[in-house]
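What follows is a single structure, written as structure tokens, with notes after it.
Just so it is clear, none of the values below were taken in a lab; they were calculated from the coordinates. This is a predicted model, so every value here is computed, not measured. Cβ placement follows ideal geometry from the backbone for every residue including glycine, while neighbour counts extend to all protein chains displayed.
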Amino acid sequence: MSATPVDTSKRTWLIASGCAGAVGAGFVAVPFVSSFQPSERARAAGAPVEVDIGALQPGDKITVEWRGKPVWIMKRTPEQLASLKKIEGQLADPNSERTAYPTPEYAKNPHRSIKPEVFVAVGICSHLGCSPTDRLQPGPQPSLPADWQGGFLCPCHGSTFDLAGRVFANKPAPDNLEVPPHTYLSDTRLLIGEDNKA
């Protein structure tokens, strides 16, 4: 078999047009690839959130948004704090030892908070991501036990959490509510999304 003769001028044009095409593709790709970078708004969505809790009265709860998640801040009454000890035997993870949603060291206590009275948690059920509803009033209520001490009920599949966000045993939710990183800037200013270790 004889080799086919190579047309060098055609070869030169093919190489030149291939290089020009590659350069053109590069110019087109730069803005396309840079569009994958997070916008200022997206970067801000992950930023820490400063909250004034000075007006929060005992028994009050507010919700703020951090990273697109609802974060609850609740000022518990002395009675609500006392109720936490009464139900420890009914909880799946009373000491927050599970690691799927690691609890910060400063919240590994019976009240799961830096200051006993102020509870900070992400209001998303660890089962399927629903948002539990407040059932803060103690006593018998629909879908709750007769000795209910107050807490939160996930309406999707019936998981219940106490006033420290600890899940009750034998419920679909596998873990306690997440305690986000947070720190106090003052007695009345709370920073969600950053702690002293950050």
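Per-structure values
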| item | result |
| --- | --- |
| HN-Hα J in Hz across segment 177-187 - Karplus 6.51, -1.76, 1.60, θ = phi - 60°, x for Gly and Pro | 5, 6, 9, x, x, 7, 8, 9, 8, 7, 5 |
| Relative contact order, percent, segment 69-161 [alpha-carbon distance under 8 Å, six or more residues apart] | 26 percent |
| Ranked Ser143, Ser131, Ser96, criterion: other C-beta atoms within 10 Å, fewest first | Ser143, Ser131, Ser96 |
| Integer Hz, Karplus 6.51/-1.76/1.60 couplings in order for segment 84-98, x for Gly and Pro | 4, 6, 5, 10, 4, x, 9, 9, 6, 9, x, 9, 6, 9, 5 |
| Interchain or long-range residues, amide H under 5 Å from Leu91's placed H | Ala169 |
| Counting all C-alpha pairs of segment 48-192, share separated by more than 18 Å (%) | 52 percent |
| Cα Rg, Dmax, segment 53-115, angstrom units | 13.3, 34 |
| Amide proton proximity set for Gly151, modelled H, under 5 Å, gap of 5+ | Arg135, Leu136, Gln137 |
| Computed Kirkwood radius, in angstrom, where 1/r is averaged over Cα pairs of segment 98-162 | 13.0 Å |
